[in-house]
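S.K.: Dropping the structure in here first, questions after.
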Amino acid sequence: MKPFVYKNVTYEMDDQGLLLDPMSWNEDFAEGIAKECFIPLLTSDHWKIIRYIHDAYAQTGVCPTVFATCKANGLRSHEMQKLFPSGYQRGVCRIAGVHYRARRMPPGAPLAEIDAGLRAQESDKVYDVDVRGFLIDPETWDKNFALHRAVEMKIPEGRLTEYHWRIIEYLRDIYRHELRIPHIYEICEKCDLALETFEALFPVGYHRGAIKMAGLRFVK
């Protein structure tokens, strides 16, 4: 883990450059991290979205999806992209100090829920996943893993359509050849989908839905 220092204050970050403790967030942190996200100056339009995400986390304990954020603030995907060109999780959520990995555990949660050795099983195959259910080794992915995860993601009866598979296969193809995970703007453009259509396909969100189902994990 590498700390982030700005205006003589040190912030603890994880190995992906994300703030470890959302409660340590402040506006100076946002200002400093924004420069790493290709935003030299945060305007009132930026702050409106940043504060929405931070407040939503304070109220619910989870990072709101890009769909919820766009709806609540009357933004379309291209407007969000213009404000935060590095992406949703890698842009605005990172600046807000809240992201898909940030989640408050309920009091008294059993240790099994926070053990990084959790496993997901489909038929007689066992998949190694992290504490959030993301596949640790993308090479062990297969379609059964995606189908298994679909049941958990509010997809009716776990049924994946050709549109689901198109997105999953695009994600895996980009990762396989370029060792990166595209942000949601690119996915919508390349797969010719409106943000609203994407939300209908993956109602739990991009990272917690499509990326997880594709057997990948968020990287900086």
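S.K.: What are the ³J(HN,Hα) values, in whole Hz, obtained from phi via the Karplus relation 6.51 cos²θ - 1.76 cosθ + 1.60 with θ = phi - 60°, for each residue of the stretch 3-12 in sequence order, with x given for Gly and Pro?
M.R.: x, 10, 10, 8, 6, 6, 10, 9, 10, 7
S.K.: Which one of 71, 35, 125 has the biggest mean-square fluctuation once the chain is modelled by GNM with Cα springs under 10 Å?
M.R.: Highest fluctuation among the options: 125.
S.K.: Using a Förster radius of 25 Å, what is the FRET efficiency between residue 62 and residue 24 based on their Cβ-Cβ separation? Nearest 0.05, please.
M.R.: Efficiency at R0 = 25 Å is approximately 0.90.
S.K.: Would you mind counting up the charge near residue 8? Only other residues with Cβ under 14 Å from its Cβ, with Lys and Arg at +1 and Asp and Glu at -1. Please list the in-between numbers first.
M.R.: Numbers: positive: 7; negative: 28, 31.
Around residue 8, the surrounding residues sum to -1.
S.K.: Something else now. Could you give the length gained on full extension between residue 137 and residue 71, defined as 0.36 nm per residue of separation minus the Cα-Cα distance, in nm?
M.R.: Additional length available on full extension: 20.3 nm.
S.K.: I would also like to ask the following. Between (i) 8, 31, 30, 18, 9, 3, 0; (ii) 8, 32, 37, 20, 3, 0; (iii) 8, 31, 33, 18, 6, 2, 1, which matches P(r) over Cα pairs in 10 Å bins from 0, in percent calculated for the structure shown?
M.R.: It is the value labelled (ii).
S.K.: Tell me the chymotrypsin sites (Phe, Trp or Tyr not before Pro) within the stretch 26-75 that lie in a loop according to DSSP and have at most 10 other beta-carbon atoms within 10 Å.
M.R.: On the way: sites: 29, 38, 47, 52, 57, 67; in loops: 38.
Of the chymotrypsin sites (Phe, Trp or Tyr not before Pro), the ones in loops of the stretch 26-75 whose Cβ has at most 10 other Cβ atoms within 10 Å are 38.
S.K.: So, one more: Given a 10 angstrom Cα cut-off, can you work out which residue in 46, 183, 54 is the most mobile in a GNM of the chain?
M.R.: Per the Cα network of the chain with a 10 Å cutoff, 46 tops the list.
S.K.: Also, I was wondering about something else. Looking only at 150, 96, 58, which one moves most when the chain is put into a Gaussian network model with springs between Cα atoms under 10 Å?
M.R.: Among 150, 96, 58, the largest GNM mean-square fluctuation belongs to 58.
S.K.: Any chance you could give the angle, 0 to 90 degrees and rounded to 10, that helix 162-178 forms with the longest Cα principal axis of the chain?
M.R.: Tilt of helix 162-178: around 70 degrees.
S.K.: Here is a follow-up. Does the stretch 1-108 come out rounded, prolate or oblate, given a ≥ b ≥ c as the square roots of the eigenvalues of its C-alpha gyration tensor, rounded meaning a/c under 1.5 and, failing that, prolate meaning a/b above b/c?
M.R.: Oblate, because a/c is 1.5 or more while a/b does not exceed b/c.
S.K.: Follow-up question, since we're still on this one. As I understand it, the value is the acute angle between the Cα axis of helix 143-152 and the longest principal axis of the Cα atoms of the chain; what does it come to in degrees, rounded to 10?
M.R.: Once rounded, one gets 60 degrees.
S.K.: Under a plain spin-label model, where a point goes 7 Å from the Cα along Cα-to-Cβ, how far apart in nm are residue 36 and residue 197?
M.R.: Distance between label points: 3.5 nm.
S.K.: Right, another one. State the Cα centre-to-centre distance between the stretch 156-215 and the stretch 1-48 in whole Å.
M.R.: When both Cα centres are located, 28 Å separates them.
Every number in this text was worked out from the coordinates using simple rules, so none of it is lab data. Just so we're clear, the structure is a prediction, and the values are computed from it rather than from any experiment. Cβ coordinates were reconstructed from backbone atoms using ideal geometry, including for glycine residues, and neighbour counts include every protein chain displayed.
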